[in-house]
Each structure stands twice: as structure tokens, then as C-alpha cells.
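The values are calculated or read from the model by the stated rules, or taken from the named source; none is laboratory data. Small disclaimer: the values here were computed from a predicted structure and weren't measured. Here the Cβ is made from the backbone with ideal geometry for all residues, glycine too, and neighbour counts use every protein chain on show.
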Amino acid sequence: MRVACLILFLVLCAASLAVGVRELAWSQLLTLQGDAWLTLTASRLPRLAALILVGVGLAVCGVILQQIVRNRFVEPGTTGGLDAARLGILLSLGLAPAAGAVLRMLFALAVCFAASLLFVAIIRRIRARNAVLVPVIGLMYGGVLSALAEFYAYRFNLLQSMQGWLLGDFSKVVQGRYEILYLIVPIVLLTYLYAQRFTVLGMGEGMATSLGLNYTANVTLGLLLVAVTVSASVIIVGAIPFVGLVVPNLIALRHGDNLRRTLPLVALGGAALLLVCDLLGRLLIYPFEVPIGLTAGGLGGLIFLGLIIWRQR
């Protein structure tokens with residue numbers, strides 16, 4: 001199973017490098033010269049790296065949030081995380097117009113982290129028994145944050161700037177404009193090191209505390225890891241929904257909830273799903289391109305609906 005998934009992933013990577021408006025002359029690639037080599041190194045490889053990093057990061061974020069909230073139907077898109085990151089970026093545009101990508105990411109990180117803490121507090125206060133009610137609350141919460149972002153953008157004439165973060169889009173990823181995404185690598189490694197602790201968090205606060213785990217500290221760490229990943233992703237490629245929702249659920253259905261064992265599969269699945277969505281977007285109306293936010297939202301939404309129906313049955 002793992003070998004087959006790895007082979008499929010490598011095939012998707014090769015397809016991502018081969019598909020594009022400009023055809024690559026493989027003879028020039030072998031000689032490491034010409035426009036084909038420049039296209040590969042300056043555009044295709046950075047885009048592939050960005051797709052893998054964002055897919056891995058968002059899938060891992062979904063796992064962390066699901067363990068903290070103890071609900072299968074949460075991820076950054078259904079807890080207000082993506083909307084909070086957009087709000088943070090708009091705040092940076094209004095308060096520090098000349099800010100670079102790093103400072104904008106810090107604004108997005110701060111707002112996303114604060115919004116995640118508030119969402120967890122709301123869920124713990126409500127104690128919803130229906131599993132579907134939690135993501136519904138998250139979507140309502142995200143709607144409030146999105147409304148605040150739109151009001152702020154309208155108030156300070158930033159609506160045009162806001163459009164860049166409404167839908168995920170990898171078409172602008174080139175060498176020198178995506179490297180901040182490599183922050184996701186140490187976050188994924190740290191998540192794997194703390195995988196056992198996040199698994200215990202999924203048992204509830206009482207059980208985690210009785211097993212000697214500092215519940216508050218580990219929840220805070222998990223939310224901080226999610227905030228860094230989401231803010232880095234949104235600042236570079238925009239908001240991409242459902243990746244952190246469908247991939248962890250599909251992996252858990254077959255392999256269970258031990259994160260030490262399933263986290264590599266979740267990461268691989270997240271990258272593979274984004275590669276599939278990106279290829280669909282590049283081929284549907286070729287030579288034009290559909291933003292990956294639309295393809296991921298459509299495909300992920302269908303899977304999400306199927307998961308809800310299956311869970312209810």
C-alpha cells in the first residue's frame with residue numbers, strides 16, 4: 001500500500017513538471033541549457049515544491065486541529081483559520097503598506113493564532129454533542145471573520161488587494177517568491193516528534209492530564225504550528241480549503257488514529273491531493289488555468305459531503 005502510494009505520488013510529480021503552456025524540450029534539459037532549463041528551474045520546480053509543501057502542511061494542520069477539538073470535521077477552512085489569516089494580511093496592508101512578506105506573515109500568524117484560541121474556547125464552552133455541529137459553528141465563525149476582513153478592506157480601499165487571497169493560486173509561484181514555505185518542513189518534523197502527545201490530546205483533557213500530559217501547553221503548541229503553516233500558505237498562494245479535512249479522514253478510516261504511524265501517509269496524501277487538483281486546474285480549460293482554490297474546493301467539498309452522509313448513517 002505504501003509503495004503504491006509512493007509510486008502514484010512520483011507519477012503526479014512527473015506530470016506536474018511536464019504539464020504547462022510552454023512545452024519543454026527534453027534535449028535541452030539533458031544538456032542543462034536553453035529556455036527549457038530556465039522554465040524548469042525558475043517555474044516548474046518551484047511550483048512543484050510549493051504544491052508539496054502546502055499540501056503536506058495543510059493536511060498536517062487538519063490532523064492537529066482534529067485531535068485538539070476532538071472532531072473529524074475540522075480543519076483551517078472550517079475553524080476560521082483561513083479567514084483569520086486573510087484578515088491579518090489586510091491589517092498589515094493597512095497598518096504597514098510597505099511591509100514585506102515576512103511581516104505580513106507575522107500579522108497573519110498573530111491573528112490566526114488568536115482566532116484559533118478563541119474558536120477552541122468557544123467549542124469547549126458549547127460542548128456540542130453532534131459532530132457536524134462543530135464545523136457548522138466554525139463556518140459561522142469564519143463568516144464573521146470574513147465579514148470583518150471585507151469591512152476593513154472596504155473601509156481602507158483594499159478590496160482589490162483582498163482578491164489575491166480569496167482563492168488559492170499557484171500560477172504566480174516562481175523562484176525567489178515561495179521560499180518562505182520551507183518553514184513548513186520543521187513544523188511537520190516537530191509534529192511527528194510530538195505525534196504521540198497529539199494522539200493523547202484526542203482522548204480528551206481528563207485522560208491527557210491523568211497520563212501526565214500538560215494539556216494547555218500542548219494545545220497551545222499545536223495551534224501555534226497550525227497558525228504558522230496557514231499564514232505561510234495564505235501569504236504565498238492564498239486560501240485552499242478542505243485539504244486538511246478529507247485527507248486525515250480517509251487515512252484514519254483505513255489506518256486508525258495512531259499519528260506516529262499515520263502522519264507520513266497523511267502528509268503524502270495531502271501533497272498528492274493538491275497535485276491532482278493543480279493538474280485538473282491546468283488541464284480543464286488548457287491553455288488557461290483554473291485557480292486551485294476552485295478545484296480543491298469542488299473536489300474536497302464533494303468528499304466532505306460524502307463523509308458527513310457516511311458519518312450520519
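Among all residues of segment 123-137, there is none that is of a type in the set (Gly, Ala, Ser) and part of a helix (DSSP H, G or I). May I ask you to verify whether Arg260 is touching a residue at least 24 places away in the same chain (Cβ under 8 Å), surrounded by fewer than 21 Cβ atoms within 10 Å (Cβ to Cβ), among the charged types (D, E, K, R) and not in a loop (DSSP other than H, G, I, E, B)? Yes, satisfied. Among the residues of segment 281-313, the ones that are of a type in the set (D, E, K, R) and either buried (at least 17 other Cβ atoms within 10 Å of the Cβ) or modelled with pLDDT of 85 or more (or both) come to 2 in all.
Under the condition of being over 19 Å from Pro76 (Cα atoms) and in contact (Cβ under 8 Å) with a residue 24 or more places away in the chain, which residue from segment 292-313 is nearest to the chain's Cα centre (by Cα)? Looking at the filtered set, the residue picked out is Arg311.
Considering every residue within segment 75-93, establish whether at least one is among the hydroxyl-bearing types (Ser, Thr, Tyr) and outside any helix (DSSP H, G or I). Even if it seems obvious, please write down each step before you answer.
Taking segment 75-93 and keeping what is among the hydroxyl-bearing types (Ser, Thr, Tyr), we get 78-79, 92.
Okay, now just the ones that are also outside any helix (DSSP H, G or I), so 79.
Scanning segment 75-93 turns up at least one residue that is among the hydroxyl-bearing types (Ser, Thr, Tyr) and outside any helix (DSSP H, G or I).
Could you pull out the residue among Val243, Val247 that is modelled with pLDDT of 85 or more and over 23 Å from Arg86 (Cα atoms)? Please lay out each step first, then the result.
Numbers: Val243 fails: over 23 Å from Arg86 (Cα atoms).
Of Val243, Val247, the one residue that is modelled with pLDDT of 85 or more and over 23 Å from Arg86 (Cα atoms) is Val247.
Annotation note: Cβ proximity below 9 Å between a residue of segment 78-102 that is aliphatic (A, V, I, L, M) and a residue that is part of a loop (DSSP other than H, G, I, E, B) and loosely packed, with under 15 Cβ neighbours inside 10 Å (sequence gap 6+ or interchain) occurs for Ala101/Arg177.
Residues of segment 279-313 that are within 21 Å of Leu48 (Cβ to Cβ) and assigned to a helix (DSSP H, G or I): Leu279, Leu280, Gly281, Arg282, Leu283, Ile292, Gly293, Leu294, Thr295, Ala296, Leu299, Gly300.
What about Ala18, is it surrounded by fewer than 24 Cβ atoms within 10 Å (Cβ to Cβ) and either modelled with pLDDT of 80 or more or among the polar types (S, T, N, Q) (or both)? So Ala18 fits the description; yes. Tell me yes or no: at least one residue of segment 213-224 is in contact (Cβ under 8 Å) with a residue 12 or more places away in the chain, more than 17 Å from Phe119 (Cα to Cα) and buried (at least 22 other Cβ atoms within 10 Å of the Cβ). Among the residues of segment 213-224, not one is in contact (Cβ under 8 Å) with a residue 12 or more places away in the chain, more than 17 Å from Phe119 (Cα to Cα) and buried (at least 22 other Cβ atoms within 10 Å of the Cβ), which makes the answer no.
Look at Val276 and say whether it is in a helix (DSSP H, G or I), of a type in the set (A, V, I, L, M) and touching a helix residue (DSSP H, G or I) at 6+ places or on another chain (Cβ under 6 Å). Break it down into steps so the answer makes sense when it comes.
Working: in a helix (DSSP H, G or I): yes; of a type in the set (A, V, I, L, M): yes; touching a helix residue (DSSP H, G or I) at 6+ places or on another chain (Cβ under 6 Å): no.
So Val276 fails the test.
Considering (1) at pLDDT below 90; (2) out of contact with any Gly (no Cβ under 9 Å at 6 or more places or on another chain), the lone condition that Leu263 does not fulfil carries the number (1). Candidates are the residues of segment 95-116 that are farther than 19 Å from Leu181 by Cβ and surrounded by fewer than 15 Cβ atoms within 10 Å (Cβ to Cβ); the one that is nearest to the chain's Cα centre (by Cα) is Ala114. Got at least one residue in segment 160-171 being part of a helix (DSSP H, G or I), crowded, with 18+ Cβ neighbours inside 10 Å and at pLDDT below 85? Looking through segment 160-171, at least one residue is part of a helix (DSSP H, G or I), crowded, with 18+ Cβ neighbours inside 10 Å and at pLDDT below 85.
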